[in-house]
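Only one structure is covered here, and it is reproduced in the block below.
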Ligand code: SF4
């Protein structure tokens, strides 16, 4: 998106140079004016985004046009946030967590009235205990419901609300399953990095991102706060 935006700006400036040459105008002045206008626009967009996020934080809702602006600018600003964060020695995961929080606030500010079957709960297979011999990727029904990992409770939610629940081995399979199932809403459970990647990839479906707990470090025997997942599912079901 950032590349597209820069491409549009380059095209506009190129066009302005040609027009000013044809009309014998001062090219330098025209380009400087165009750049100043562009910077002013970016500044306004950033200021509107920050104010909208603050409003969203305190009111839990913002007018639709402001919501659209935040949805548009946040993915664009994310790389800048990462660079600034690096300069300020802020951990990348803290920035990613902030990104998922803003995303969740936006989704929570919108009302849905979906059936359970339109909702997909998606989780990586590190949620399953590493010693568990049952292959639950592709088919969660293979879980023997021993209760030693969160998969058991997530199957409980699947039965209670009639939602789809799948365990995937990575982003490629997750994208494939989304294409196949075509859910109207997703509750994604993963680490900060994978969640931000997924949010950047899947733009057309609302996603509530739930960050997993990693008591044994990344990618092994992870957990999830089942209440947080249930709250997310209920938000999509309830009007
Ligand atoms: S609940 Fe038990 S059987 Fe099911 S995936 Fe977890 S460890 Fe395996």
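What does the extension gain come out to for residue 108 and residue 201, with contour length at 0.36 nm per residue minus their alpha carbon separation?
Contour length minus the Cα-Cα distance gives 31.5 nm.
Given springs between every Cα pair under 10 Å in a Gaussian network model of the chain, which of 17, 226, 90 has the largest fluctuation?
Taking springs between Cα atoms under 10 Å, the residue moving most is 17.
Where a ≥ b ≥ c are the square roots of the eigenvalues of the C-alpha gyration tensor, would you call region 34-140 rounded, which needs a/c under 1.5, or, failing that, prolate if a/b is larger than b/c, or oblate?
It comes out oblate by the Cα gyration axes.
Let's test the formula: R0 of 30 Å, r as the Cβ-Cβ distance of residue 8 and residue 33. What FRET efficiency results, to the nearest 0.05?
0.95
In degrees, nearest 10, range 0 to 90: what is the angle between the Cα axis of helix 150-161 and the longest Cα principal axis of the chain?
Long axis of 150-161 versus the principal axis of the chain: about 80 degrees.
Could you work out how far the C-alpha centroid of region 165-195 sits from that of region 99-123, in angstrom?
13
Can you tell me the FRET efficiency between residue 231 and residue 117 if r is taken as the Cβ-Cβ distance and R0 is 25 Å, rounded to the nearest 0.05?
With a Förster radius of 25 Å, E is 0.85.
For the Cα atoms of the chain, what angle does the longest principal axis make with the long axis of helix 192-201, in degrees from 0 to 90, nearest 10?
60
Between residue 144 and residue 40, what FRET efficiency comes out of the Förster formula 1/(1 + (r/R0)^6) with R0 = 45 Å and r the beta carbon distance, rounded to 0.05?
Efficiency computed from Cβ-Cβ geometry: 0.15.
Shape call for region 2-90 from the C-alpha gyration tensor, a ≥ b ≥ c root eigenvalues: rounded (a/c under 1.5), prolate (a/b greater than b/c) or oblate?
Prolate, since a/c reaches 1.5 and a/b exceeds b/c.
List the residues of region 88-106 whose backbone N lies under 14 Å from a point placed 7 Å from the Cα of residue 71 along the Cα-to-Cβ direction.
103-106
Taking only Cα atoms, what is the 0 to 90° angle, nearest 10, from helix 92-108's long axis to the longest principal axis of the chain?
80
Using only the C-alpha atoms of the chain, find the volume of their convex hull and express it per residue in Å³.
149
All of the numbers you see were taken from the coordinates with simple rules; none came from a lab. Bear in mind the structure is a predicted one, so any value in this text is a computation, not a measurement. Cβ: placed from backbone, ideal geometry, glycine included. Neighbour counts: every protein chain shown.
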